[in-house]
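The values are calculated or read from the model by the stated rules, or taken from the named source; none is laboratory data. Keep in mind that what you see is a predicted model, and the values were worked out from it rather than measured. When we count neighbours, we look across all protein chains shown, and the Cβ atoms used for this are built from the backbone with ideal geometry, even at glycine.
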């Protein structure tokens, strides 16, 4: 494969670093400097009019969540309002941690509201290979609210509130593929990527911890949580063909391209 054939990879990576289409203003906690997220100005003004627990930054630079009454309670009220106004994704009842600039969890928020509030999420993905050199991938269920029917890594999901990356890896591997991490071979952290891009319900900032493992011969993943339509075992040519055909989610595409480069199946960027 020559460098010209690799242009689609550069285009893929450009799609993963796109600024918001309209101006967004920073969201902070009162009395703190760390930016937790961002809000579109008109949405912030609507929140003020609705008497939600949100105030204009005294310096005029964005918005502040009041400490009185609890930051979690403020974020919950805002999340419920966003949901009622149709400005968030499907309500999940799944809290996620909100981190400051030092990586400390300072609050929790409903998953449905994170994109509307520009709050960064953390995810874990597992790239599953076989000793024969193949790759296990999953097709996302057709009723998923995000990227239904697209192809994805073997497993992947968001780090829930209070979870570590390792705990999320174990949970998602069990739920999505019916596999125990301890039963896999050569499990290792292999990459970290960040995606910044507009999405239908706001702005996505996601930090992804990528792991790779060998699925032992004869072991077949089986979904347990209803979020996977099917699994498929592909050779490298099949993976590349689907990647070039945009059959995978953007995040899975980035992850798999990185794995292919590390395996020497794609030329690394110059």
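Residue 26 passes every criterion in (1) part of a strand (DSSP E or B); (2) without any contact (Cβ under 8 Å) to a residue 24 or more places away in the chain apart from (2). When we screen 96, 82, 179 for residues that are under 23 Å from residue 229 (Cβ atoms), in contact with a helix residue (DSSP H, G or I) (Cβ under 7 Å, 6 or more places away or on another chain), modelled with pLDDT of 95 or more and surrounded by 22 or more Cβ atoms within 10 Å (Cβ to Cβ), the only hit is 179.
Restricting to region 139-160, count the residues that are part of a loop (DSSP other than H, G, I, E, B) and touching a helix residue (DSSP H, G or I) at 6+ places or on another chain (Cβ under 9 Å). Here the count works out to 6.
Considering only residues in region 244-270 that are closer than 26 Å to residue 146 by Cα and without any contact (Cβ under 8 Å) to a residue 24 or more places away in the chain, the one that is farthest from the chain's Cα centre (by Cα) turns out to be 245.
Within the span defined as region 66-78, one or more residues are surrounded by 12 or more Cβ atoms within 10 Å (Cβ to Cβ), in contact with a helix residue (DSSP H, G or I) (Cβ under 7 Å, 6 or more places away or on another chain) and assigned to a helix (DSSP H, G or I). Just one of (1) assigned to a loop (DSSP other than H, G, I, E, B); (2) assigned by TED's automatic domain parsing to the domain that holds residue 34 fails for residue 133. It is (2).
For region 220-236, a residue qualifies if it is touching a helix residue (DSSP H, G or I) at 6+ places or on another chain (Cβ under 8 Å) and either assigned to a loop (DSSP other than H, G, I, E, B) or surrounded by fewer than 14 Cβ atoms within 10 Å (Cβ to Cβ) (or both), and the qualifying residues are 221, 222, 223, 224, 225, 227.
Within region 237-267, how many residues turn out to be in a helix (DSSP H, G or I), in contact with a helix residue (DSSP H, G or I) (Cβ under 8 Å, 6 or more places away or on another chain) and closer than 19 Å to residue 192 by Cα? Can you show your working first?
To start, the set of residues in region 237-267 that are in a helix (DSSP H, G or I) comprises 237-244, 250-262.
Those still in the list that are in contact with a helix residue (DSSP H, G or I) (Cβ under 8 Å, 6 or more places away or on another chain) too: 239-240, 243-244, 250, 253-254, 256-257, 260.
Then keep just the ones that are closer than 19 Å to residue 192 by Cα; that gives 250, 253-254, 256-257, 260.
Final tally of qualifying residues: 6.
Can you tell me which residues in region 139-160 are touching a residue at least 12 places away in the same chain (Cβ under 8 Å), within 22 Å of residue 90 (Cα to Cα) and over 14 Å from the mean Cα position of the chain (by Cα)? Matches in region 139-160: 139, 140, 141, 142, 144, 149, 150, 151.
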